[in-house]
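In what follows, a single structure is set out as structure tokens and then discussed.
Please treat every number below as a calculation from the coordinates, not as lab data. Computed from a prediction, not measured in an experiment: that's the story for all the values here. For neighbour counting, all protein chains shown are included, and Cβ atoms are generated from backbone atoms with ideal geometry for every residue, glycine included.
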Amino acid sequence: MSSQPVGTDGPLVPMPQLTPEALRRAVAQIAPSRLPEFNDHLASAATNAQRTSNVGPLRAFTSHWGTLVNIYRWPERATRFLAAETLAADPDADPEAARTAASEVGRILRAAGEEIGT
């Protein structure tokens, strides 16, 4: 199954550089409700990087948010991702449906990450 949505003209925004500011601008455009989560994650990553004298937490942050931006910039893929994420987390869902949804979440995350080289 292709990770890219079928039948769309293209992404909502170009893929930004994997920097906190470029990713913040993209999140503000395509998933503004996730900005508080973005800002909290960035603050945590920066604190951990400073505390450990290691850029690993910041690299993990940009990889995570770059992958999410790459999902959200394609509306059909974002819709599939959010639906699968919701079903996978639903404690009342049929267990088999929840497992299938969790697998779909993983497939979308992997494909989106591979597309940006993370």
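Descriptive notes on the structure:
- Placing dummy labels 7 Å off each Cα toward the beta-carbon, the span from Leu12 to Glu96 is 3.4 nm.
- Theoretical gain in end-to-end length, Glu115 to Leu35 [0.36 nm per residue, Cα-Cα removed]: 26.5 nm
- Only Cα pairs under 8 Å and 6+ residues apart enter the sum, and on that basis the relative contact order of the range 20-115 stands at 24 percent.
- As a proxy for reagent exposure, Trp65, Trp74 were ordered by neighbouring Cβ count within 10 angstrom, fewest first; the result is Trp74, Trp65.
- Inverse of mean 1/r across different Cα pairs in the range 20-115, Kirkwood, Å: 14.4 Å
- Per-residue Karplus couplings for the range 18-24, computed as 6.51 cos²θ - 1.76 cosθ + 1.60 with θ equal to phi - 60°, are listed in order as 8, 10, x, 5, 5, 5, 4 Hz, Gly and Pro entered as x.
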